[in-house]
Amino acid sequence: MVSAPLRRVWTRSTVALGSHPRAYLPLARWRYPENLVFGPYTEIVIEGFPRSANTYALAAFTCANGPRTVVASHLHAASSVAQGVRRGLPVIVVLRDPLDACASLLQRQPVQASSALGAYVRFHERVRPLVERS
């Protein structure tokens, strides 16, 4: 189990680097299972703010398409979306009402409401131009 201070450092670095693929994705490959992080074999990206039904979206996609499709998911960072758009891949950004997503996040993690809402806004501010460009 990871200590709370180490988890906070990781979360802050994720927020700070999350929209910079060259900086963030190598760290994510070190921290997360290979099958979740955007890589050379990724076929589709499914991303969203935490507690926005990312797991449900991934399960529904896998149920409909089978487990062999390589999906980048669950990093909750704009980097995966940016890489997917850059490579011309299908990208699904899961959306949930901000108050609902943040209320759910507050039940799971000890963060302040203002921090959760700020993170929600930052994630979507970084993703929106990418989606509009594609």
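The values are calculated or read from the model by the stated rules, or taken from the named source; none is laboratory data. Please read these numbers as outputs of a predicted model, since none were measured by experiment. Glycine gets a Cβ as well: all are built from the backbone with ideal geometry, and neighbour counts include every protein chain shown.
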Qualifying positions in segment 56-85 - part of a helix (DSSP H, G or I) and surrounded by fewer than 14 Cβ atoms within 10 Å (Cβ to Cβ) = Y56, A59, A60, C63, A64, N65
When segment 111-121 is checked residue by residue, the ones that are under 21 Å from T55 (Cα atoms) and of a type outside the set (A, V, I, L, M, F, W, C) are Y120
Could you check how many residues of segment 74-113 are at pLDDT 90 or above and among the polar types (S, T, N, Q)?
-> 2
